[in-house]
Amino acid sequence: MVRKTFDDWQLRCETPAGAKAEQCALVQYLAAEDRPNLTLVVIVLKTADNRGYLLRVVAPLGVLLPSGLGLKIDQTDIGRAGFVRCLTTGCVAEVVMDEGLIRQFRNGGQATFIVFQTPEEGVGIPLSMKGFGTGFDSLK
């Protein structure tokens, strides 16, 4: 359920089955400009122990798994995250967000996730940073 919108990010909250507390996450839905069927769901949430934050990205089935998921922020290559599992809804890449990555998300102007459909062909999918800082602060 959408609790609040921070520019291009949504704060979505729900109480999972069997959980005592509501869990909230910042979410943004992305699509490649030239390939509308190539979509990503970007989720920022607290870790299970409430001590840190996870960046979780769900890519569509059919992406090349060994190449992982690339990330650039303002033309700086941040690195690649490996896919950890595939579900019926897509394949999931996760990384723990350290202070440096959180700062880059707060201060960045433009981010791009790169998914690979073949080893040679990476497709860039733009991520808006607009509203991330205030949205992230609402997770605390």
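The values are calculated or read from the model by the stated rules, or taken from the named source; none is laboratory data. Keep in mind the model is a prediction, meaning the values are calculated, not measured. With ideal geometry, Cβ positions are generated from the backbone for all residues, glycine too; neighbour counts draw on all protein chains shown.
Remarks
For (1) out of contact with any strand residue (DSSP E or B) (no Cβ under 7 Å at 6 or more places or on another chain); (2) of a type in the set (Val, Ile, Thr); (3) modelled with pLDDT under 95, each residue gets a yes or a no:
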residue: ARG12; (1), (2), (3): no, no, no
residue: ALA19; (1), (2), (3): yes, no, yes
residue: GLU22; (1), (2), (3): no, no, yes
residue: ASP34; (1), (2), (3): yes, no, yes
residue: ASN37; (1), (2), (3): yes, no, yes
residue: LEU40; (1), (2), (3): no, no, no
residue: LEU55; (1), (2), (3): no, no, no
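- Tally of residues being of a type in the set (A, V, I, L, M, F, W, C) and either touching a Lys or Arg at 6+ places or on another chain (Cβ under 9 Å) or in contact (Cβ under 8 Å) with a residue 60 or more places away in the chain (or both) across the stretch 22-76: 17
- Which numbered condition LEU101 misses (of (1) within 23 Å of PHE132 (Cβ to Cβ); (2) part of a strand (DSSP E or B); (3) in contact (Cβ under 8 Å) with a residue 12 or more places away in the chain): (2)
- Verdict on GLY133 being without any contact (Cβ under 8 Å) to a residue 60 or more places away in the chain, surrounded by 15 or more Cβ atoms within 10 Å (Cβ to Cβ) and in contact with a Lys or Arg (Cβ under 6 Å, 6 or more places away or on another chain): yes
- The residue that is farthest from LYS46 (Cα to Cα), counting only those in the stretch 5-22 that are in a strand (DSSP E or B) and in contact with a Ser or Thr (Cβ under 7 Å, 6 or more places away or on another chain), is PHE6.
- Considering GLY122, GLY133, GLY109, the condition of being at pLDDT 95 or above and small (Gly, Ala, Ser) is satisfied by GLY133 alone.
- Residue count for the stretch 12-68, restricted to those that are polar (S, T, N, Q) and more than 20 Å from LEU127 (Cβ to Cβ): 4.
- Qualifying residue in the stretch 108-118 (condition: under 25 Å from CYS13 (Cβ atoms), surrounded by fewer than 18 Cβ atoms within 10 Å (Cβ to Cβ) and among the hydroxyl-bearing types (Ser, Thr, Tyr)): no
- Residues in the stretch 1-42 that are among the basic types (Lys, Arg) and closer than 30 Å to GLN117 by Cα were compared, and the one that is surrounded by the fewest Cβ atoms within 10 Å (Cβ to Cβ) is ARG35.
- Residues that are more than 15 Å from the chain's Cα centre (by Cα) and small (Gly, Ala, Ser) within the stretch 1-32 comprise ALA17, GLY18, ALA19, ALA21, listed in sequence order.
- Total residues in the stretch 43-62, condition assigned to a loop (DSSP other than H, G, I, E, B), more than 16 Å from VAL115 (Cα to Cα) and aliphatic (A, V, I, L, M): 1
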